[in-house]
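Below you'll find the structure, written out as structure tokens, and then a few comments.
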Amino acid sequence: NLVSHHSFLSFCYHTSKDMIDKNKITSEEDYLLLHEISGTSPSTTFTTLKKRKKERRPSHRRSWWKRTFSRFKSETKITYKPYDIDLSTTSIGQRLMPLQEPEESALLEWVVKTTAEHDSSLIPTLAISLWLAPYGFLAFVFLECLVFSTEGRRFLLVVFVTIALAQPRDRSKQVWSMAFWYLSIFTIALMALYLQAIFIFLMALSVALPLDIIGKYGDQVGNWIADKSKNYFALETILEDEDALSKLSQNGVGTIFAMEPHDILSFGCFAFHPFLKMLPPGNMRDSFKCLVSSAIMNTPILRHIMWWMCCDSVEKSVFRGHLQQKTSIVFVPGGMQEVTLMDPSKTEELVLYLRHRKGFIKIALELGTPIVPVFTFGLDGSYAYHVPRGEMILRLSRTMGFLPVFFWGRWGVPLGIPRPQQITVVVGKPIEVPYLGDNISREDVDKYHSIYIEKLEALFEQHKAGKELYCDRKLKIL
């Protein structure tokens, strides 16, 4: 209401004389009202107004100013003091605000960085399919091989999947483990050629090849996917404090963007892709990584596509390594555990699993890295799903690195692409975190973890208005 009030006063101040000269004001009451709320001095006598009123032919537009003011007053619920009271103040609720020209920065509190037009036609759909459809394709081929292949191929496929998921996490330190792992993958590839299992051979080759095998061409494919995804989801990004982010970017400081919620697939992270230029220019935009589950980065074919989309593994060593290199990262703290808590029947609440997610706070304190809360609106409803429950499912998901959930999206295709609904990514104000090195106490971690949760809740409450499926919901943090 305050922003609208300032905009209204600015409009009156700059257009009052023009409106009088163009015969927009046709009555004494209108003139007094304009004089009251704009603070301009009278430039025309009432007699002149009466003459102009007679010369002007009758029109339904005579009451334009009254209708405009009445509509503004009813929508913003702002009341003004009577004319005989000091015109230098106006009443807004129970407070007296000075009637003055508002500063330009006060007219717009948040910066809407990008707003894309919605386009779910053929080309954007193909881009989304290349990015998110491989889940379903790989699952279909895997089941087909298990059901219709020979026993030798089935055994080889099971061995390959087991070894692929057992890839060493810290490649830089576990040298002998990596050597044995690569030897096993190449052995499986040779056996696949012998058994004429072409698909298993291609998957083994995909896992063994470096992620940047095609160099800049892979980056171009990732840029194309990000650009078309922006239109497919009608991406809207809002920065609450662009100046603070710009300072961090210009200073070359690595930053942690902690995004919520996870939903079925946390594809809202694509909004941070450098090609979209959502973040301020500098180190923050040019070197940016989205950290995803290590199981995705070990999955054949999909791992290369995710790498082209500026993704990497969310393992602790990779997490810390990027920050030490001054590379900003975005990830979802809730992770797979948050997916297990999703319940489509409980539409009045949105569950986030954050109470025990404190590892990123500890790393931030260790390195003195700022934390930025991020909330994504529009993920809910992009997929219909069935989530298996039970303690055994949780243990299995932690071991494999992903949750075996069944979902379907656009056109009802199982494990397909999401529905084309608008995505709004709201980036909050950075939380300054001190550099503590190894002198980190539990109280420090709890303190900044509570600050992050508080800022995230405020972010949701401030921006949920007008968002379908969110405006009547409450956050429930477990």
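The figures follow:
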| quantity | calculated |
| --- | --- |
| In sequence order, calculated HN-Hα J values of the range 208-215 (Karplus, 6.51, -1.76, 1.60; Hz; x Gly/Pro) | 7, 6, x, 5, 9, 5, 9, x |
| Segments 423-429, 438-444 sorted - mean Cβ within 10 Å per residue, highest first | 423-429, 438-444 |
| Backbone N within the range 356-374 under 17 Å of label point (7 Å from Asp444 Cα along the Cβ vector) | 358-371 |
| Over the range 213-372: Rg over Rh, Cα atoms, Kirkwood Rh | 0.95 |
| Links that overshoot a 32 Å alpha carbon limit, given the list Lys277/Lys346; Lys216/Lys358; Lys216/Lys247; Lys326/Lys467 | Lys277/Lys346; Lys216/Lys358; Lys326/Lys467 |
| Alpha-carbon spread of the range 302-357, three principal axes, descending order, Å | 42, 27, 15 |
| Under Karplus coefficients 6.51, -1.76 and 1.60, residue-wise ³J(HN,Hα) of the range 414-427 in Hz, glycine/proline x | x, 6, x, 8, x, 5, x, 10, 5, 10, 10, 10, 10, 9 |
| From phi via Karplus (6.51, -1.76, 1.60), per-residue ³J(HN,Hα) for the range 321-332 in Hz, x at Gly/Pro | x, 5, 5, 5, 8, 6, 9, 6, 9, 10, 7, 10 |
| Relative contact order %, the range 121-208, counting alpha carbon pairs below 8 Å whose residues are six or more apart | 22 |
| Cα-based convex hull volume of the range 121-208 per residue, rounded to whole Å³ | 112 |
| Long-range HN-HN contacts of Leu350 with modeled amide H, under 5 Å | Lys474, Leu475, Lys476 |
| Amide H contacts under 5 Å for Leu415, placed H, 5+ residues apart | Phe407, Trp408, Gly409 |
| Ranked by how many other beta carbons lie within 10 Å on average, peptides 321-334, 210-223 from highest | 321-334, 210-223 |
| Nearest-0.05 FRET efficiency for Glu454 and Lys277, computed from C-beta distance (R0 30 Å) | 0.50 |
| Solvent-accessible area per residue for the range 121-208 (1.4 angstrom probe, square angstrom) | 59 |
| Label-point separation in nm, His356 to Leu478, each point 7 Å along Cα→Cβ | 1.0 |
| Amide hydrogen neighbours beyond the local backbone of Met278, cut-off 5 Å, H modeled | none |
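The values are calculated or read from the model by the stated rules, or taken from the named source; none is laboratory data. Predicted, not measured: the structure shown is a model, and the values here were computed from it. Note that each Cβ is placed from the backbone with ideal geometry, even for glycine, and that neighbours are counted across all protein chains shown. The protein model used for the area step is the full one, side chains on, heavy atoms only, and it has no ligands, DNA or RNA in it. Shrake-Rupley method; radii C 1.70, N 1.55, O 1.52, S 1.80 Å.
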